[in-house]
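Let me begin by presenting the structure, written as structure tokens, before commenting on it.
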Amino acid sequence: MSDPLLHPGSPRGLYVRTFGCQMNEYDSLRVQRLLANLGYVTVNDIGQADVIFLNTCSVRGKAEQKVHSFLGTLRRLKDTKPHLKIIAGGCVAQQLGAKLLDRFDHLDMVIGTRAVNSIGRMLQQVQESGRRLACLPDEESDGPRLDGRQILPHPSITAPVTIMQGCNNYCTYCIVPYVRGPERSRPADEILEEIRLLDESGVREVLLLGQNVNSYGRGLDENITFVDLLRRIGTETGIARIRFTTSHPKDLTDELIRCFAEVDSLCKHLHLPVQSGSDLVLARMNRGCTAAGYMEKISRLRRICPEIALTSDIIVGFPGETEHDFQKTMELLEQVRFDNLFSFRYSDRPNTRSASFPDKVDPEVASRRLLELQSFQAEITLAKNLAEIGSTRLVLVEGPSRTSNGQMTGRTTQNRIVNFQAPLSSVGQIVGVKITLAYSHSLGGDIIPA
Ligand code: SAM
Ligand code: SF4
């Protein structure tokens, strides 16, 4: 089979498959843009691909298994298409490095989380030399500087903006500090410039990304905190809406809480992972925060901003978690009544401290607890959605709804999805919608004429 590189005129297809978090989504967009500079067109059909980029996640055991099984399925495709180049990036790639090449002999390249910028150069090396490569630098590798506007694949209403990478918190269960490295913040002026460019190109809402955004600024030459950055985005750019994720409860300051009342463009939603309602478990997780401390912050948030929506992450079945600990988590859920929740069964991850902790919870017990917790939260989420009926919400229209025929979809400032009839010309506008319907994951309503 001929190599399209040797026939520069022929179209080259890039198929991207992303597992995991918004950071990975962002990196996949960067890869698409970087390879577009080399003439690759992103394709939705894997059969059309000349290059496959698999962006992997290893935060939980289940996510990593999915990556291994997907990689396995690519062998047959490679057999029928020898010029196909398969690249693995993201956290599994960073964690296993060349071992991933040993395990999958149809894999051509492994690229670490700090090497995304050099993907084009590395791919060319693989193609020209025919050799398989692993590239895992300790520092961010050089490459063309891309801003958020450049990486958006098509005109978009919302856009991610990475403000920092890595994490120094070392929660005992978490692999992130090992695969994403230490915390590094981007200079504020660079972030502001990126947001201004996004605003000019029609983006209305930015999602500031980082593993622990409220420690933004540490290590930068300039003296700046996350609160300063938020306030500067609010006053120095025209962006209509700002969201951010993720923040750590131990670093949630009163100054940041006040921003929800004082920065007009900051959306009234906070994702604040608590992980457990038991102080004993929280201490073993090295979270640096007690359940009472968390509740106190929730009260302050609600005092300052009564309409704020709160979401969280919970891990059940952490080593040593007793039935009593689990009931503490259920009590916390009952007290807070989160608007939505992401919940996971604990899994051992390589290098993490908890992997060697004794008293592992029986997987069946952990699964039963997870089900119990999820069904309780489903009731709360639905009740909260039902309580929206009759209210009028400001909705940023993102585009045609994928599920409801002829309808538009958008989000309230509290991050609830709303579907409603509206003209295509409403995309990008913030419109009033009277909520008339509530489901488990979305709302429906009628647009209020301007
Ligand atoms: N930086 C964020 C924070 O501090 O909460 C989230 C990082 S992590 C990518 C997302 C979520 O995955 C965590 O909040 C936690 O609930 C879950 N998680 C991380 N490690 C896990 C593990 N070993 N087993 C189960 N869930 C895990
Ligand atoms: Fe992982 Fe904890 Fe860092 Fe979040 S704060 S990325 S859970 S180590």
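Can you give the helix-only mean residue ellipticity at 222 nm for the chain, where every DSSP H stretch with n ≥ 4 adds -39500 (n - 2.57) and the sum goes over all residues, rounded to the nearest 500 deg cm²/dmol?
Dividing the helical sum by the residues of the chain leaves -11000 deg cm²/dmol.
Rounded to the nearest 20 debye, what is the charge dipole size of the chain about its Cα centre when +1 sits on each Lys and Arg Cβ and -1 on each Asp and Glu Cβ?
Dipole magnitude for the chain comes out near 720 debye.
So, R0 is 22 Å and r is the distance between the beta-carbons of Val365 and Gln327; what FRET efficiency does that work out to, to 0.05?
0.95
Taking a Cβ-Cβ separation under 4.7 Å as the criterion for a possible partner, which cysteines of the chain have none?
Unpaired cysteines in the chain: Cys21, Cys57, Cys91, Cys135, Cys167, Cys259, Cys267, Cys289, Cys305.
Quantify how much of the Cα-Cα distance distribution of segment 1-154 extends past 17 Å, in percent.
In whole percent, the share of Cα-Cα pairs in segment 1-154 beyond 17 Å is 59.
Can you tell me the order of 434-445, 175-186 when each peptide is scored by its average per-residue count of other Cβ atoms within 10 angstrom, highest first?
The packing order, highest mean first, is 175-186, 434-445.
Estimate the FRET efficiency between Arg218 and Asn351 by the formula 1/(1 + (r/R0)^6), using the beta-carbon distance for r and 25 Å for R0, to the nearest 0.05.
Given R0 = 25 Å and the Cβ-Cβ separation, E is 0.60.
Positive end of the dipole of the chain, charges at C-beta (+1 Lys, Arg; -1 Asp, Glu), about the Cα centre: which of Leu382, Leu84, Cys305 has its Cα farthest in that direction?
Of Leu382, Leu84, Cys305, it is Leu84.
Residues of segment 378-403 with the amide nitrogen closer than 15 Å to a label point 7 Å from the Cα of Leu437, along Cα-to-Cβ, please.
The answer is 386, 389-390, 401-403.
Under 1.5 on a/c is rounded, so check that first for segment 97-184, then, if it is not, pick prolate when a/b is larger than b/c and oblate when it is not; a ≥ b ≥ c are the square roots of the alpha carbon gyration tensor eigenvalues.
Judged from the Cα gyration tensor, segment 97-184 comes out oblate (a/c at least 1.5, b/c at or above a/b).
So if I restrict to the alpha-carbon atoms in segment 316-384, what is the Rg, and what is Dmax, the biggest pairwise distance, in Å?
Every Cα atom of segment 316-384 included, Rg and Dmax give 13.1, 41 Å.
Determine, from the Cβ-Cβ distance of Gln374 and Ile46 and an R0 of 35 Å, the FRET efficiency 1/(1 + (r/R0)^6), rounded to the nearest 0.05.
The computed FRET efficiency comes out at 0.65.
Please compute the alpha carbon radius of gyration of segment 197-346, then divide it by the globular-protein estimate 2.2 N^0.38 Å. Two decimals is fine.
1.13
Using alpha carbons only, how many angstrom separate the centre of segment 206-220 from the centre of segment 350-394?
Going from one Cα centre to the other spans 26 Å.
Please compute the length gained on full extension between Asp446 and Asn37, using 0.36 nm multiplied by the number of residues separating them and subtracting their Cα-Cα distance.
142.9 nm
Let me test this: with uniform point scatterers at the alpha carbons of segment 297-450, what is the Debye-based log₁₀ I(q)/I(0) at q = 0.08, 0.12, 0.19 1/Å?
Debye intensities relative to I(0), on a log10 scale: -0.33, -0.65, -1.08.
Return a whole-number percent for the relative contact order of segment 316-402, with Cα pairs under 8 Å and 6 or more residues apart as the contact set.
That works out to 41 percent.
Give the Cα extents of the chain along the principal axes, in whole Å, largest first.
Projected onto the principal axes, the Cα atoms of the chain cover 64, 60, 48 Å.
In whole angstrom, how long is each semi-axis of the equivalent ellipsoid of segment 196-271, when you take the square root of 5 times every eigenvalue of its Cα gyration tensor and sort them from largest down?
Result for segment 196-271: semi-axes of 20, 15, 12 Å.
Which percent of Cα-Cα pairs in segment 282-352 sits in each 5 Å bin, short to long?
3, 13, 23, 26, 18, 10, 5, 2, 0
Shape verdict for segment 345-402, please, from the Cα gyration tensor: rounded (a/c under 1.5), prolate (a/b greater than b/c) or oblate.
prolate
Taking only C-alpha pairs under 8 Å that are 6+ residues apart, what is the relative contact order of segment 262-338 in percent?
Taking the mean separation of contacting Cα pairs over the length of segment 262-338, I get 44 percent.
Determine how many Å³ per residue the convex hull of the Cα atoms of segment 37-125 encloses.
102 Å³
Hey, fewest Cβ within 10 Å first, where do Met295, Met23 land in order?
Met295, Met23
Across 10 Å bins from 0, what is the distribution of all Cα-Cα pair distances for segment 64-104, in whole percents?
26, 58, 16
Run the numbers on the chain and let me know its relative contact order in percent, using alpha-carbon pairs under 8 Å that are six or more apart.
Computed value for the chain: 9 percent relative contact order.
With +1 on the Cβ of every Lys and Arg and -1 on the Cβ of every Asp and Glu, and nothing else charged, how large is the dipole of segment 9-151 about its Cα centre, in debye rounded to the nearest 20?
Around 340 debye, computed over segment 9-151.
When the chain is fully extended, how far beyond the present Cα-Cα distance does Thr403 get from Arg17, taking 0.36 nm per residue of separation?
Gain on stretching Thr403 to Arg17: 136.7 nm.
Taking the convex hull of the Cα atoms, report for segment 384-450 its projected area averaged over all directions, in nm².
Dividing the Cα hull surface by four gives the mean projection, 3.9 nm².
Step through the table entries Lys99/Lys360; Lys62/Lys268; Lys62/Lys99; Lys66/Lys99; Lys297/Lys384; Lys66/Lys268, compare each Cα-Cα distance with 26 Å, and write down the pairs that go over it.
Over 26 Å apart, Cα to Cα: Lys99/Lys360; Lys62/Lys268; Lys66/Lys268.
Please report Thr113, Thr73, Thr413 as a ranked list, fewest other C-beta atoms within 10 angstrom at the top and most at the bottom.
Result, fewest neighbours first: Thr73, Thr413, Thr113.
Can you give me the Cα centroid spacing of segment 312-348 and segment 27-67 in angstrom?
Between the Cα centres of segment 312-348 and segment 27-67 lies a distance of 33 Å.
At a 10 angstrom cut-off on C-beta neighbours, averaged per residue, how do the peptides 24-30, 260-266 rank from highest to lowest?
Descending mean neighbour count gives 24-30, 260-266.
Any read-out appearing in this document is the output of simple, stated calculations on the displayed coordinates, not a laboratory observation. Note that this is a predicted model, so its numbers are computed, not measured. Note that we place each Cβ from the backbone using ideal geometry, even for glycine, and neighbour counts take in every protein chain shown.
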